[in-house]
Amino acid sequence: MKNLPLVKKYAEGLARALDDEKEYASLGAEVRAFLDTYLSRDDLRRALASPFVNARKRAAVLGEVLALAGTGPKAVRFLELLQHHKRMALLPEIVAALPEAWSEMHGIVTYEAASAVPMTDAQCDRLARGLEALEKKPVRLVLKTDPGLVGGVAVRKGHIVYDASVEGELRALQERLGHEER
């Protein structure tokens, strides 16, 4: 992730500007829709990033795209802020960080859980209950599939990784055996 502190600052600022879950869902959808357009259109990215296009013209292009999409006022202000500060390139990372910023603001801890195959609902519920008991707070799971895992699950909270995969267990066993030989 590029410039993590700045991404986190923008995501947290946007989350603080939202009043409730309904507005979070609506604004999130609007910003993601713009991001999809932005990523799929080379001409739009060039127009918004080019140093050869003056700032007023870039603002007009952004305004026109947002008006055509029917983007709401808070999303428009946020995207204009990014454009004004030449931070539009951070938008994919900000969008990815927004759910975690929203959850943290509401006292919910986010964990990323990776497994070799998709986890069942029962497995997800059991994992979430265990993590909630550990944290003593509500937990939001972000599920990912990692075919590179042999089996089990690897759970990440920020920079802390709990590796309960077969590979992780074997690595831990190897470390324990290596230390015993000395």
**Asked** Quick one: Karplus J couplings for the stretch 74-80, per residue in order, coefficients 6.51, -1.76, 1.60, θ = phi - 60°, nearest Hz, x for Gly and Pro?
**Response** 5, 5, 4, 4, 5, 5, 5
**Request:** For the chain, give the percent of accessible area contributed by carbon and sulfur heavy atoms, probe 1.4 Å, rounded to a whole number.
**Result:** 56
**Asked** Which values, in whole Å and largest first, are the semi-axes of the equivalent ellipsoid of the stretch 8-60 obtained as the square root of 5 times each eigenvalue of the Cα gyration tensor?
**Response** 27, 14, 9
**Two-site label geometry, ALA55 and LEU134: point separation in nm, points 7 Å out along Cα→Cβ** = 4.7
**Request:** Determine the relative contact order of the chain: mean sequence separation of Cα pairs under 8 Å and six or more apart, normalised by residue count, in whole percent.
**Result:** 20
**Message:** Helix-only mean residue ellipticity at 222 nm, the chain, DSSP H runs n ≥ 4 weighted -39,500 (n - 2.57), per residue, nearest 500. What is it?
**Reply:** -20500 deg cm²/dmol
**Prompt:** Taking 1 over the mean of 1/r across every pair of different Cα atoms in the stretch 58-130, what Kirkwood radius in Å do you get?
**Reply:** 15.4
**Asked** Which value results when the Cα radius of gyration for the chain is divided by 2.2 N^0.38 Å?
**Response** 1.31
**Prompt:** Under a GNM of the chain (C-alpha, springs under 10 Å), which listed residue has the highest mean-square fluctuation: GLU21, GLU100, GLU12?
**Reply:** GLU21
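The values are calculated or read from the model by the stated rules, or taken from the named source; none is laboratory data. This one's a predicted model, so the numbers in the text were calculated from it and none came from an experiment. Neighbour counts run over all protein chains shown; Cβ positions are idealised from the backbone, glycine included. Surface areas here come from the heavy atoms of the whole protein model, side chains and all, with no ligands, DNA or RNA. Shrake-Rupley method; radii C 1.70, N 1.55, O 1.52, S 1.80 Å.
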